[in-house]
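The values are calculated or read from the model by the stated rules, or taken from the named source; none is laboratory data. Here the structure is a predicted model, which is why all the values come from computation and not from measurement. All Cβ positions, glycine included, derive from the backbone under ideal geometry; neighbour counts span all protein chains shown.
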Amino acid sequence: MAKIIIIDDEQSIRNTLREILEYEKYDVSEAKNGEEGLQMLKKDKYDVALCDIKMPKMDGIEVLDKVLDEGIDTPFIMISAHGTIDTAVEATKKGAFDFIQKPPDLNRLLVSVRNALDKSSLENETKVLKRKISKTFDIVGESEAITEVKETINKVAPTEARVLVTGENGTGKELVARWLHEQSNRGKGPMVEVNCAAIPSELIESELFGHEKGSFTSAVKQRIGKFEQANKGTLFLDEIGDMSLSAQAKVLRALQENKITRVGGDKEIKVNVRIIAATNKDLKEAINEKKFREDLYHRLSVIVIKVPPLRDRIEDIPLLVEKFLHDIAAEYGVKPKQVSDEAIKLLQKHEWTGNIRELRNVVERLVIMGDTTITAEDVKKNTDIQ
């Protein structure tokens, strides 16, 4: 239920607006002057504020100014019996969502409230998405091992060099690829991801290069492949060690000639992509076993970035735990929990075979099951860490 605050020094106006808004199933609060309204806005979160302009002590424009200074993002609908074009312009310039004259047209008022709620909802969704995106790209840590990775990214990202990212599952290879893309000259272009391990070998060529209508039984229409989708951007080939040899041959040709041909087609299509590949396998061993092409390996590994396992950077665990506590609290809409030093020391003794992914899952479990401060006992009770 949306929460609305009415700030007006006239009791009759507050009563009228409350009656209308409560009939529409809104949760309504009242403030009889600007100072009271400002305090309520600081203390609680409201979805919309209906604020009179002419009030004693602190008028509506002053309330709006203070709210903006405090960083409160509640949409303001200004109401006044002394409405003029100049007042409306001043209010909207300062950031008011809308301006309505007294006595308010009730339909006009309700439409304005709904529009303000829609705007507020969209802004909140945008903030959540931005938080998620920024979290996705965040590489946390100050250890020597992870600092070396960051420094390499900073040097390599602005170039067009192909990069092979290696490391165990859960170490953050995708994050490295994201950083490389975001900090490159292609950062405004697309980054297209392909999980080579998740696509059946008979479909990987269609996924990468696309296909023409009728090229095989289920090809009922033309499909654009990932190489074309990533044009002028970055193509991230995750788990490339699982790619079939026939697909490897076509990828090699695409890298050599910057051209691809769709499955079932004969037209050559120019592509301009930067390739970043990642694997948890030993590709040199795969080459010896004839499971990976040596010429493709050399094409992909102009720069090799090895992401260290968590057990080799245990000094980063306190920072990672702190980040996860805040991320999880934001997702759940709760206050971040604290973690005791003893709990951190216990976490640092664990092997972390699942690396950062495993640590994140453990922290989430502790947030759900633990108290306000997560203790060593909480760790022992709710995980297999002893």
Does the stretch 224-232 contain any residue that is more than 20 Å from Leu164 (Cβ to Cβ) and assigned to a helix (DSSP H, G or I)?
yes
Scan (1) in contact with a Gly (Cβ under 7 Å, 6 or more places away or on another chain); (2) modelled with pLDDT under 90 for the single condition Ala247 breaks and write down its number.
(1)
Tell me the residue from Asn195, Asn185 that is in the same structural domain as Ala249 (by TED's automatic domain parsing), farther than 19 Å from Lys226 by Cβ and of a type outside the set (Ser, Thr, Tyr), please.
Asn185
Pro104 fails exactly one of (1) buried (at least 16 other Cβ atoms within 10 Å of the Cβ); (2) modelled with pLDDT under 90; (3) farther than 20 Å from Asn33 by Cβ, namely (3)
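Per-residue answers, yes or no, for (1) closer than 27 Å to Ala145 by Cα; (2) surrounded by fewer than 15 Cβ atoms within 10 Å (Cβ to Cβ); (3) assigned by TED's automatic domain parsing to the domain that holds Leu164:
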| site | (1), (2), (3) |
| --- | --- |
| Lys335 | no, yes, no |
| Ala343 | yes, no, no |
| Gln348 | yes, no, no |
| Trp352 | yes, no, no |
| Leu359 | yes, no, no |
| Met369 | no, yes, no |
| Thr375 | no, no, no |
Pick from the stretch 240-261, criterion among the charged types (D, E, K, R) and surrounded by 16 or more Cβ atoms within 10 Å (Cβ to Cβ), ranking: nearest to Gln229 (Cα to Cα):
Lys250
Checking Leu346 against (1) in contact (Cβ under 8 Å) with a residue 12 or more places away in the chain; (2) under 21 Å from the mean Cα position of the chain (by Cα), only one condition comes out false. Which one?
(2)
Qualifying positions in the stretch 363-386 - basic (Lys, Arg) and farther than 14 Å from Tyr332 by Cβ
Lys380, Lys381
Scan the stretch 278-319 for residues that are within 29 Å of Arg360 (Cβ to Cβ), in a helix (DSSP H, G or I) and in contact with a Lys or Arg (Cβ under 8 Å, 6 or more places away or on another chain) and report the count.
1
Pair list, Cβ under 6 Å, 6 or more apart: the stretch 375-386 residue within 10 Å of Leu346 (Cα to Cα), other residue in a loop (DSSP other than H, G, I, E, B)
Thr375/Ser340; Val379/Ile385; Lys380/Gln386; Ile385/His350
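Residue-by-condition table, conditions (1) outside the structural domain of Ser121 (by TED's automatic domain parsing); (2) in a loop (DSSP other than H, G, I, E, B); (3) within 20 Å of Leu109 (Cβ to Cβ):
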{"site": "Ile13", "(1), (2), (3)": "no, no, yes"}
{"site": "Glu22", "(1), (2), (3)": "no, no, yes"}
{"site": "Glu30", "(1), (2), (3)": "no, no, yes"}
{"site": "Glu35", "(1), (2), (3)": "no, no, no"}
{"site": "Gln39", "(1), (2), (3)": "no, no, no"}
{"site": "Lys42", "(1), (2), (3)": "no, no, no"}
{"site": "Ile72", "(1), (2), (3)": "no, yes, no"}
Exactly one condition in (1) polar (S, T, N, Q); (2) over 30 Å from the mean Cα position of the chain (by Cα); (3) closer than 15 Å to Val140 by Cβ is false for Asn355; which is it?
(2)
Arg178 is checked against (1) over 28 Å from Ile356 (Cα atoms); (2) part of a helix (DSSP H, G or I); (3) of a type in the set (Lys, Arg) and fails just one. What number does that condition carry?
(1)
Test Glu351 against the stated conditions and say whether it is assigned to a loop (DSSP other than H, G, I, E, B), among the acidic types (Asp, Glu) and closer than 21 Å to Asn169 by Cβ.
yes
Does at least one position in the stretch 140-158 carry a residue that is outside any loop (DSSP other than H, G, I, E, B), in contact with a Leu (Cβ under 7 Å, 6 or more places away or on another chain) and in contact (Cβ under 8 Å) with a residue 24 or more places away in the chain?
yes
Within the stretch 47-93, which residues are over 39 Å from the mean Cα position of the chain (by Cα), among the aliphatic types (A, V, I, L, M) and surrounded by 15 or more Cβ atoms within 10 Å (Cβ to Cβ)?
Met55, Met58
